[in-house]
Amino acid sequence: MRGSVTAAAVTGALALSALAVSASQAVPTARPAERPVIKKVVVNGGKPIVVGTKSRQKIAVSVTASSPSGIADAYVFLWHGHIDEVDAVLGQDRARGACAVAPGDPTTSTCKATITIDPRSGLGRNSLAGTWQAAGGAVAATGDQNDESVDETAAPVRLQRFSKLTVNASPEPVRKGGTLTVTGKLTRADWETFTYRGYSKQPVRLQFRKKGATAYTTVRTVTSSSTGTLKATVKAAADGYWRYSFAGTSTTPAVSAAGDYVDMKVTGKS
């Protein structure tokens, strides 16, 4: 993966081939003064990329690079695996990005593009969730195709499986001091079956927000079952909202269920 990667080769399957170029196959080394310097690569604004089972996600990417003669083109692609054994690559939607010269500095440009991730064609394996690497490349404006640089590990990128969380508190209404059963389910996208499956053995917080309050407080922590289900029993003390909240993992984003409001039953003489 130490060879040069041309801008045209970072889209689709060609990007994977480019990563396999060995040092012996690389183009001759460019003049040191003209080899671009990759200054910064940004993917999705620095936030994790979250992908479900159906919707395509269009991710903004950019690379900032400089060269004494200026920058003719720059590009970004994402790869997963080991630097010597890449198992997945996601390239730009278009080979060339839209480049803008930095104000007052003609040697530096920032080039922007997009990468579209389709879970049904670009992923297909749950093992691809986690940390990826963003590679950034740039070509100097010398007219010499050899004046190109690639930073294969310019920035780590987290790719996650979209998560869902439900809650239901019953009975509604409930007598003050009575037992309230709060159930729910934690699921996440399965990129192999394109469905949502239970996320098992995960700590999930049961939280309560009293009527009129602005913040939730954690009552206890519940562990999801083998199918992702959640269940807890509590004593009802006041009107308010109950919810489950999951802090997330490296492969799955944090999520909180919408609060389920429970009213205290008014007791009176019969």
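The values are calculated or read from the model by the stated rules, or taken from the named source; none is laboratory data. Note that this is a predicted model, so its numbers are computed, not measured. Virtual Cβ from ideal backbone geometry, glycine too; neighbours counted across all protein chains shown. Surface accessibility is based on the protein's heavy atoms, side chains included, excluding ligands, DNA and RNA. Shrake-Rupley method; radii C 1.70, N 1.55, O 1.52, S 1.80 Å.
Tell me which residues come under 5 Å, amide H to amide H, from Lys39 once H is placed; ignore anything under 5 positions away on its chain.
Result for Lys39 returns Thr64, Ala65, Ser66.
Ordering Arg120, Arg205 by accessible area with a probe of 1.4 Å, largest first, what comes out?
Reading off the accessible areas and sorting them downward yields Arg120, Arg205.
Using a 7 Å offset from Cα along Cα-Cβ at Ala238, what residues in region 195-215 end up with backbone N under 18 Å from the label point?
Residues 206-215 fall inside that zone.
Tell me, what is the per residue accessible area of the chain in Å², probe radius 1.4 Å?
Roughly 50 Å² per residue, with all protein chains present.
List the aspartates and glutamates whose Cα sits under 16 Å from the Cα of Lys40, skipping any in the same chain fewer than 8 residues away.
Partners within reach: Asp73, Asp105, Glu148, Asp151, Glu152.
Based on a Kirkwood Rh over C-alpha pairs, give the Stokes-Einstein translational diffusion coefficient of region 217-270 at 4 °C and viscosity 1.567 mPa s in µm²/s.
94
Taking amide H positions as placed 1.01 Å from N in the peptide plane, with prolines and chain starts having none, which residues 5 or more places from Ala237, or on another chain, fall under 5 Å of its amide H?
HN-HN under 5 Å from Ala237: Gly177.
Take the residue pairs Lys176/Lys201; Lys54/Lys210; Lys47/Lys210; Lys112/Lys164; Lys164/Lys201 and return only those whose Cα atoms are more than 27 Å apart.
Too far apart for the 27 Å limit: Lys176/Lys201; Lys54/Lys210; Lys47/Lys210; Lys112/Lys164.
Can you pull the accessible area of Asp239 for me, 1.4 Å probe, Å² to the nearest 10?
40
What is the log10 of I(q)/I(0) for region 135-270, computed with the Debye formula using one identical point scatterer on each Cα and no solvent, at q = 0.20 Å⁻¹?
-1.09
Pull up the cross-link candidates among the aspartates and glutamates for Lys235, meaning alpha carbon to alpha carbon under 19 Å and not fewer than 8 places away within one chain.
Glu172, Asp260, Asp263
Would you list, by chain and number, the aspartates and glutamates whose Cα falls below 14 Å from the Cα of Lys58, excluding same-chain residues fewer than 8 positions away?
Asp93, Asp118
Give me the percent relative contact order of the chain, please, defined on Cα pairs under 8 angstrom at least 6 residues apart.
18 percent.
In a Debye calculation with equal point scatterers on the alpha-carbon sites of the chain and no solvent, what is log10 I(q)/I(0) at q = 0.12 Å⁻¹?
Values returned for q = 0.12 Å⁻¹ are -0.78.
At q = 0.09, 0.13, 0.20 Å⁻¹, what log₁₀ I(q)/I(0) does region 38-170 have when each alpha carbon counts as one equal point scatterer in the Debye sum?
-0.31, -0.57, -1.10
With a 1.4 Å probe and all protein chains kept in place, how much accessible area does Glu172 have, in Å² rounded to the nearest 10?
Glu172 has an accessible surface of roughly 90 Å² with all protein chains in place.
So what is the 222 nm mean residue ellipticity for the chain from helices alone, if each DSSP H run of at least 4 adds -39500 (n - 2.57) and you divide by all residues, rounding to the nearest 500 deg cm²/dmol?
-500 deg cm²/dmol
Taking the Cα centre of the chain as origin, sum charge times position over the Cβ atoms of Lys and Arg (+1) and Asp and Glu (-1), and report the length of that vector in debye to the nearest 20.
2100
Ratio of Rg to Rh for region 38-96, alpha carbon only, Kirkwood?
Over the Cα atoms of region 38-96, Rg/Rh equals 1.01.
For region 111-175, what is the relative contact order in percent, using Cα pairs closer than 8 Å and at least 6 residues apart in sequence?
The normalised contact order for region 111-175 reaches 30 percent.
Using Cα-Cα distances under 8 Å and only pairs 6 or more residues apart, what relative contact order does region 33-90 have, in percent?
Taking the mean separation of contacting Cα pairs over the length of region 33-90, I get 33 percent.
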